[in-house]
Amino acid sequence: MRTRLSVSFLAALLSIAAVTPARADDQLRLHGSNTVGQRLAPALVRAWAEERGYAVGETRRIVDEEILIPLAAGTGTIEAHVHSHGTGTGFSDLLAGRADFWMASRPINPAELSRAAPLGAITAPEQEHVIALDGLAIIVHPSNPVSSLTVSQVRDAFSGRIRDWSELGGRPGPIALYARDDKSGTFDSFNAMVLRGATISAAARRYESTDQLSADVVADPRGLGFVGLAGVGRAKALAVSDAGTRPLAPSRLTVGTEDYVLARRLFLYNGPAPSALARDFIEFVLGPRGQRVVEQIGYVSQDVVALAVPPRDDAPEEYRLLVDGAQRLSLNFRFGAGTAVLDNKALRDVARLEAFLRQPQNRGVDLILVGFADSSEINPYHALSLSTDRADFVATQLIPRGVTPRRVRGVGGVAPVAAEDTEYGRAKNRRVEVWVRPRAATAAAGGSTPPAGG
């Protein structure tokens, strides 16, 4: 009798445990963007767990776009939940307390911000984290002869104004459209950056899964789609241009500097009182090991690299002389309208730039900062003044860290990287480019010009 009671009691305990959710401090819940959640978030969770000494169990699929990753250590078991039903769903879950992190493939929008008071200062650096850079890739079948399109051509195709490839320089035949669904932050980005008020054609096939969309474009010689950079797969990504800009394909440099016209940021947002577990996870993600995972998955990390690129031939001679013989670094500093105040990503980029320059192989280089304005900023003289202020401001952030730029100049509202008929485009043009050049080459080019106040 005693044995039967013990067995029954144990069975009851197991039954209760099976339906009792894990405590909040035993969970890591990431909800939202499919772009972030499909491969990047699970890979980051596994890498973080392994570095912290957890044994990573077999991933369990709960339902479509929802997985659970069990993590075990001497201190107990943690359940990592990744729900990837779209950026908009992640905000709702964070607001309701059902998520520790909101995965987003776009920044918080005004409608969400108006509801976000319970989440504290959600756009503060402690709660808004840029975890990776991405390019919204316009993809076609590998055999498609088209190599570049303008934003307006992509908009006209997806809105149904252009229906045949011959109108885009391709072989005659109807265009088959492939698009993400309305819950997707990727679609939100496409809507803001490409459609710009136009309505997507009812003929477009809609997808929750990035991978399935890309696979279907690869299988369709008439296909035209859009995905995040890591979702390109075997498809062909086109170069894209906008009014007043040159065609650029998504790449390590063009996405890293956000000069690619459809570059975007991938985010994690947390509430005002994250758990110790959540704080540790986000620090890992933003650090060197987490950023290596970003690269491995196919997105662009925020690690700084130097790349040899020719200066733009549409830029003024002063600019070309400034950067002659220099290498471009894979980051830009960006600013708000009419201001010289860094955004959240740029604040962390100051530390990343300092760390790059302190590497032994980079100690013999001179740093060059070139500021830009958007052409709408009051008048050409004010734009020139603002662009100089922005370059000087970056310099003043570096000098206390022991890094003194050799040349600091503003060139005004020239050489735009985005059309200036939207706030999004104007924001991309308000920037400071960063270049490095061997010290001997700088001396040969005409000496140094230290920053104002330096």
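So which residues in the range 109-137 are under 16 Å from the mean Cα position of the chain (by Cα) and β-branched (Val, Ile, Thr)?
THR123, VAL130, ILE131
Do we have any residue at all in the range 275-287 that's among the polar types (S, T, N, Q) and within 28 Å of GLY97 (Cα to Cα)?
Scanning the range 275-287 turns up at least one residue that is among the polar types (S, T, N, Q) and within 28 Å of GLY97 (Cα to Cα).
Can you name every residue in the range 72-84 that is touching a residue at least 40 places away in the same chain (Cβ under 8 Å) and part of a strand (DSSP E or B)? Give the derivation first.
Applying the first criterion (touching a residue at least 40 places away in the same chain (Cβ under 8 Å)) to the range 72-84 yields 76-84.
Correct list: GLY76, THR77, ILE78, GLU79, ALA80, HIS81, VAL82, HIS83.
Going by the conditions given, is VAL45 of a type outside the set (Phe, Trp, Tyr), assigned by TED's automatic domain parsing to the domain that holds ARG292 and over 25 Å from GLN127 (Cα atoms)?
No, not satisfied.
All but one of (1) farther than 15 Å from PRO247 by Cβ; (2) crowded, with 17+ Cβ neighbours inside 10 Å; (3) among the polar types (S, T, N, Q) hold for SER166; state the number of the condition that does not hold.
(2)
Conditions (1) modelled with pLDDT under 95; (2) closer than 19 Å to GLN212 by Cβ; (3) of a type outside the set (A, V, I, L, M, F, W, C), marked per residue:
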residue: LEU13; (1), (2), (3): yes, no, no
residue: ILE16; (1), (2), (3): yes, no, no
residue: ASN34; (1), (2), (3): yes, yes, yes
residue: LEU44; (1), (2), (3): no, no, no
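Which of the residues that make up the range 62-81 are touching a Lys or Arg at 6+ places or on another chain (Cβ under 6 Å) and not aliphatic (A, V, I, L, M)?
Answer for the range 62-81, where residues must be touching a Lys or Arg at 6+ places or on another chain (Cβ under 6 Å) and not aliphatic (A, V, I, L, M): just HIS81.
Do the conditions hold for PRO311, that is, is it in the same structural domain as LEU28 (by TED's automatic domain parsing), of a type outside the set (D, E, K, R) and either surrounded by fewer than 19 Cβ atoms within 10 Å (Cβ to Cβ) or assigned to a loop (DSSP other than H, G, I, E, B) (or both)?
Against the criterion (in the same structural domain as LEU28 (by TED's automatic domain parsing), of a type outside the set (D, E, K, R) and either surrounded by fewer than 19 Cβ atoms within 10 Å (Cβ to Cβ) or assigned to a loop (DSSP other than H, G, I, E, B) (or both)), PRO311 does not qualify.
Go through the range 213-229 and report how many residues are crowded, with 17+ Cβ neighbours inside 10 Å, aliphatic (A, V, I, L, M) and more than 24 Å from the chain's Cα centre (by Cα).
1
Report, ordered by the first and then the second residue, all pairs with beta carbons closer than 6 Å, sequence separation of six or more or different chains, a first member in the range 99-123 that is under 17 Å from ASP343 (Cβ atoms), and a second member that is part of a loop (DSSP other than H, G, I, E, B).
ALA104/SER33; ILE122/ALA116
Out of GLU433, GLU354, GLU377, GLU420, report the one residue that is surrounded by 15 or more Cβ atoms within 10 Å (Cβ to Cβ), part of a strand (DSSP E or B) and acidic (Asp, Glu).
GLU433
Hey, can you tell me all the residues within the range 99-127 that are assigned to a strand (DSSP E or B) and aliphatic (A, V, I, L, M)? Step through it out loud before you land on a result.
Kept after step one, since they are assigned to a strand (DSSP E or B), are these residues of the range 99-127: 101-104.
MET103, ALA104, listed by residue number.
Here are the criteria: (1) buried (at least 16 other Cβ atoms within 10 Å of the Cβ); (2) under 30 Å from TRP102 (Cα atoms). Tell me which single one SER241 does not satisfy.
Of (1) buried (at least 16 other Cβ atoms within 10 Å of the Cβ); (2) under 30 Å from TRP102 (Cα atoms), only one is false for SER241: (2).
Note down all Cβ pairs under 6 Å where the first residue falls in the range 39-61 and is in a strand (DSSP E or B), the second is among the charged types (D, E, K, R), and they're at least six residues apart or on different chains.
VAL56/ARG46
Give the residues of the range 227-242 that are β-branched (Val, Ile, Thr), closer than 13 Å to THR186 by Cα and out of contact with any helix residue (DSSP H, G or I) (no Cβ under 6 Å at 6 or more places or on another chain), sorted by residue number.
None - no residue of the range 227-242 is β-branched (Val, Ile, Thr), closer than 13 Å to THR186 by Cα and out of contact with any helix residue (DSSP H, G or I) (no Cβ under 6 Å at 6 or more places or on another chain), so the list stays empty.
In the range 123-146, what residues are of a type in the set (D, E, K, R) and in contact with a helix residue (DSSP H, G or I) (Cβ under 8 Å, 6 or more places away or on another chain)?
Hits for the range 123-146 are GLU128, ASP134.
Any residue at all in the range 326-341 that is of a type in the set (A, V, I, L, M, F, W, C), at pLDDT 90 or above, farther than 30 Å from GLY231 by Cα and surrounded by 14 or more Cβ atoms within 10 Å (Cβ to Cβ)?
Quick first cut of the range 326-341, residues of a type in the set (A, V, I, L, M, F, W, C) only: 326, 329, 331, 333, 335, 337, 340-341.
After this cut, where a residue has to be at pLDDT 90 or above as well, the list is 326, 329, 331, 333.
From the residues that got through so far, the ones that are farther than 30 Å from GLY231 by Cα too are 326.
Now restrict to residues that are surrounded by 14 or more Cβ atoms within 10 Å (Cβ to Cβ): 326.
Within the range 326-341, one or more residues are of a type in the set (A, V, I, L, M, F, W, C), at pLDDT 90 or above, farther than 30 Å from GLY231 by Cα and surrounded by 14 or more Cβ atoms within 10 Å (Cβ to Cβ).
If you go through the range 193-209 one residue at a time, do you hit one that is over 21 Å from the mean Cα position of the chain (by Cα), closer than 25 Å to GLU258 by Cβ, surrounded by fewer than 18 Cβ atoms within 10 Å (Cβ to Cβ) and at pLDDT 95 or above?
yes
Looking at the range 261-304, which of its residues are over 30 Å from ILE138 (Cβ atoms) and touching a Pro at 6+ places or on another chain (Cβ under 8 Å)?
Once the filter is applied, which keeps residues that are over 30 Å from ILE138 (Cβ atoms) and touching a Pro at 6+ places or on another chain (Cβ under 8 Å), the range 261-304 yields only ILE282.
With (1) in contact with a strand residue (DSSP E or B) (Cβ under 6 Å, 6 or more places away or on another chain); (2) without any contact (Cβ under 8 Å) to a residue 60 or more places away in the chain; (3) under 28 Å from LEU119 (Cα atoms) as the list, and VAL305 as the residue in question, which single condition is left unmet?
(3)
The values are calculated or read from the model by the stated rules, or taken from the named source; none is laboratory data. All of these numbers come straight from a predicted model, not from anything done at the bench. Every residue, glycine among them, receives a Cβ derived from its backbone with ideal geometry; neighbour counts consider all protein chains shown.
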